[in-house]
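What follows is one structure encoded as structure tokens, with my remarks underneath.
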Amino acid sequence: METVERFTLLWLQSGGCGGCSMSLLNAESPDLYNALDLAGIELLWHPSLSEAGSEEFIELIRSIVQGRRRLDALCIEGSLMRGPQGTGRFHMLAGTGRPMIDWVRDLAARARYTLAVGSCACFGGITAAGGNPGEACGLQYDGWAEGAVLPADWRSPGGLPVINIAGCPVHPAWVLDTLALLAAGALGEDVLDELSRPRSYTDHLVHHGGPRNEFYEYKASAEKPADQGCMMEHMGCLGTQARADCNIRPWNGGGSCLKGGYACINCTAPRFEEPGHPFTETPKVAGIPVGLPSDMPKAWFVALSTLAKAATPDRLRENATSEYIKIHPSTKRRSGP
Ligand code: SF4
């Protein structure tokens, strides 16, 4: 009987918190192992999930770099540490005497596809915040700038740029769907957006399906944490600009930041970690939020929000600044049967 070669996957972690791997373990319907199996993917090694020790692991990566073993997908989680002074010696790969960034460059040259998993690996993320003494960056982006550990024009042997599955952390389905498409040979550059993120989840805004959208429609705004109103005007929420399907494809069976009462901080975008203001405050000029909904001219926003506020039903106005429902929706009784 003919045996079908399985699509091989190697997962490495660099300068991150490991949260993206933790999130991956929350995959459900199906769970992580069944999802990989159903997609025909063989997990060669993962630092948290594999039994193999360091000697086996080092032999594995050497065999890939030397071309003795095929690698289809290289997943990198966490930012790449270039410090000090570009040498990468702040993160040596234990037991090899070589900086991680050198291994990543060599492995990426062999892997059919290279994926950055999480905003650290895509753009630098949380690890690159502040003074960034570790010179942390993403694989192919350093914040918004193209070109980092791999140059801007780099393409994998399979012909794609680094696939940036951005998010902090990533939704497990964003990763597993992307891997399944690659394994099926069904992911081309046309299904990546302008930051090389899979459009399967970035063709949506976090605002889509949001639990507070009725408040948003009337600009009935929350003024403090735990208020029920829209969090865009005062509480720093970027859901109308952030690209992800968090409220359409919820987390852990039903959750999202917005459903938990937290403002969206646009964690799928470069430099989200440095907004230049507190995450839960909306910066404004002359009382108008600086970051307006995507595609919306400022004049239209001002006109529409003025009109919407004038038309706000009492129910939404009252409930927006309350922790609980003060005025319930009413049902108009109809006369007759
Ligand atoms: S992207 Fe976020 S969750 Fe993932 S490794 Fe970086 S800090 Fe952790």
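The values are calculated or read from the model by the stated rules, or taken from the named source; none is laboratory data. This one's a predicted model, so the numbers in the text were calculated from it and none came from an experiment. Virtual Cβ from ideal backbone geometry, glycine too; neighbours counted across all protein chains shown. In case anyone asks, the SASA skips ligands and DNA or RNA and just uses the protein heavy atoms, side chains included. Shrake-Rupley method; radii C 1.70, N 1.55, O 1.52, S 1.80 Å.
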When you go through L43, L74 one by one, which is the residue that is within 28 Å of A145 (Cβ to Cβ), modelled with pLDDT of 95 or more and not in a helix (DSSP H, G or I)? L74
Kindly establish whether G95 is in contact with a helix residue (DSSP H, G or I) (Cβ under 6 Å, 6 or more places away or on another chain) and free of Cβ contacts under 8 Å to residues at least 60 places away in the same chain. yes
Could you list, ordered by first residue, the pairs with Cβ atoms under 8 Å in which the first is in segment 3-19 and on the phi > 0 side of the Ramachandran plot and the second is part of a strand (DSSP E or B) and near the ligand (Cβ under 8 Å from one of its atoms), at least 6 apart or interchain? G18/E77
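Here's the yes/no breakdown for (1) in contact with a helix residue (DSSP H, G or I) (Cβ under 6 Å, 6 or more places away or on another chain); (2) assigned to a strand (DSSP E or B); (3) open to solvent by 50 Å² or more (accessible area, probe 1.4 Å):
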residue: D106; (1), (2), (3): yes, no, yes
residue: L115; (1), (2), (3): no, yes, no
residue: G134; (1), (2), (3): no, no, no
residue: D153; (1), (2), (3): no, no, yes
residue: P157; (1), (2), (3): no, no, yes
residue: P161; (1), (2), (3): no, no, no
residue: L179; (1), (2), (3): no, no, no
residue: G185; (1), (2), (3): no, no, yes
Can you pull out every residue in segment 1-40 that is within 12 Å of the ligand (Cβ to nearest atom), part of a helix (DSSP H, G or I) and buried (at least 16 other Cβ atoms within 10 Å of the Cβ)? G19, C20, S21, S23, L24
So, T114, is that one more than 16 Å from the ligand (Cβ to nearest atom), more than 25 Å from the chain's Cα centre (by Cα) and polar (S, T, N, Q) or not? no
Consider E273 carefully, then state whether it is in contact with a helix residue (DSSP H, G or I) (Cβ under 6 Å, 6 or more places away or on another chain) and either within 23 Å of L195 (Cα to Cα) or surrounded by fewer than 15 Cβ atoms within 10 Å (Cβ to Cβ) (or both). yes
Give segment 52-98 a look and list any residue that's within 16 Å of the ligand (Cβ to nearest atom) and among the small types (G, A, S), or say none. G78, S79
Evaluation of T127 against (1) within 15 Å of the ligand (Cβ to nearest atom); (2) under 23 Å from I61 (Cβ atoms); (3) not in a helix (DSSP H, G or I) (one fails), failing number: (3)
Single condition G210 does not satisfy, out of (1) at pLDDT below 95; (2) of a type in the set (G, A, S); (3) closer than 30 Å to G131 by Cβ; (4) surrounded by 21 or more Cβ atoms within 10 Å (Cβ to Cβ): (3)
From L316, L304, L292, residue being modelled with pLDDT under 95, open to solvent by less than 40 Å² (accessible area, probe 1.4 Å) and hydrophobic (A, V, I, L, M, F, W, C): L292
